[in-house]
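Asker: I'd like to ask some things about the structure below.
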Amino acid sequence: MVATPEARASNPEVMGGTGVFAGTRVPVQTFFEYFAAGDGIEDFLLGFPSVSREQILAVLGSAADPRTKG
């Protein structure tokens, strides 16, 4: 699975170009920080309801795919 444009976005006008979940101002890195701290997807979704489960799964799939850059 590869992160689609619907899952992740980067725009210099939004959060200074930081990779965010598309349609939000929530940095993808924030999810990985929650995950590293032991929080699950449900915990993250409760704190960031503008992010969808599908977006998280797409980004995780992209991170696990060695063919994907960024």
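Asker: At 1.4 Å probe radius, can you tell me the per residue accessible area of the stretch 10-62 in Å²?
Answerer: 56
Asker: Quickly rank 38-48, 17-27 as a protection proxy: mean count of other C-beta atoms within 10 Å, highest first.
Answerer: Most protected by this proxy first, the peptides run 17-27, 38-48.
The values are calculated or read from the model by the stated rules, or taken from the named source; none is laboratory data. Source: prediction; values computed, not measured. As a convention, Cβ positions derive from the backbone with ideal geometry for all residues, glycine included, and neighbour counts pool all protein chains shown. Side chains included, ligands, DNA and RNA excluded: accessible areas come from the protein's heavy atoms. Shrake-Rupley method; radii C 1.70, N 1.55, O 1.52, S 1.80 Å.
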